[in-house]
Amino acid sequence: SATGDQRILVFDFGGGTLDITIMRVQGARRDVLATGGLPIAGDVFDQKLLRARLARHFGEGSVYGPADAPLPVPTWIYDTLADWQSLIELQLPERVRMLRDIEATSRAPRQLQNLIALVTGNYGLRMFEAVEAAKRRLSDLPDTDIRLVTDRFGVRQPTSRADFETIIRPEIDAVDRLVDETVARSGL
C-alpha cells in the first residue's frame, strides 16, 4: 500500500491497445482522475514493420498483366497480409487462384511465388513471429535482420532501430498526444 498522497500514471501497452489511467493513491484508497486509450500497440508496430520491410519480398510494388498496360499488384493484398486477423482470407481458393493469375504475368514472379508459398504453406504465423522477434531485438541492438526461412522460400531483410522509429513515428506522436491530453484531463 502506498504511503502519503501520490499521483500515478499507469501506461498499459499491450498487444492490441494502449490504455492510460491517471490515479490518485492515498494508502488503500484509489481514485481514477482520467483515462485514455488508443488502438495502438505491439501488433500495429508489427504490421507497419512488415509492410515497410517485408512486403516487397512478396511482390508489393510490382506490376503484372500485359506489357503495354501493366497493372500494379493490388495493395489490399498486402494490407491483408500484414494483418494476422485477416491473413486467412488470402488462403481462400478464389484468392489463391487470383494470386496465381497475377503471378503468371508478374514482372516479379519469384516474389509472387513467395507470397503464394507463404499463403498456401500456412507460414503466416512464422512471418509474424519473425517480425516480432526482430522488433524485440531492436530494443537492444541498433541493427538486426528479419529472417523468415521455410522449406519453400527464404527472406532476410536488414533493418535498423532508426528505420523502425521512423516507420512508427506517427503512432509515437499519437501516444505522446494521448499522454498529454490524459494528464490535462486529470487536472494535473
Quiz prompt | Residue list for region 114-125, filter: surrounded by 15 or more Cβ atoms within 10 Å (Cβ to Cβ) and farther than 14 Å from Ile77 by Cα | solution = Ala117, Tyr123
Quiz prompt | Residue tally, condition in a strand (DSSP E or B) and either closer than 17 Å to Val44 by Cβ or in contact with a His (Cβ under 7 Å, 6 or more places away or on another chain) (or both), over region 135-158 | solution = 3
Practice problem: Those residues that are closer than 30 Å to Leu118 by Cα and among the polar types (S, T, N, Q), I need them from region 154-186; list them, please. | Solution: Gln157, Thr159, Ser160, Thr166
Exercise. Would you please name the residue that is most open to solvent (accessible area, probe 1.4 Å), looking only at residues in region 62-93 that are closer than 14 Å to Val119 by Cα and of a type in the set (A, V, I, L, M, F, W, C)?
Key: Trp84
Exercise. Check Arg24, Arg29, Arg53 and return the single one that is in contact with a Lys or Arg (Cβ under 9 Å, 6 or more places away or on another chain), of a type in the set (Lys, Arg) and more than 21 Å from Thr120 (Cβ to Cβ).
Key: Arg24
Quiz item: Any residue at all in region 41-61 that is more than 20 Å from Asp163 (Cα to Cα) and open to solvent by 50 Å² or more (accessible area, probe 1.4 Å)?
Solution: no
Quiz item: Somewhere in region 4-24, is a residue modelled with pLDDT of 95 or more, farther than 30 Å from Val175 by Cα and out of contact with any Cys (no Cβ under 7 Å at 6 or more places or on another chain)?
Solution: no
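The values are calculated or read from the model by the stated rules, or taken from the named source; none is laboratory data. The structure displayed is predicted, hence computed values, not measured ones. With ideal geometry, Cβ positions are generated from the backbone for all residues, glycine too; neighbour counts draw on all protein chains shown. Side chains included, ligands, DNA and RNA excluded: accessible areas come from the protein's heavy atoms. Shrake-Rupley method; radii C 1.70, N 1.55, O 1.52, S 1.80 Å.
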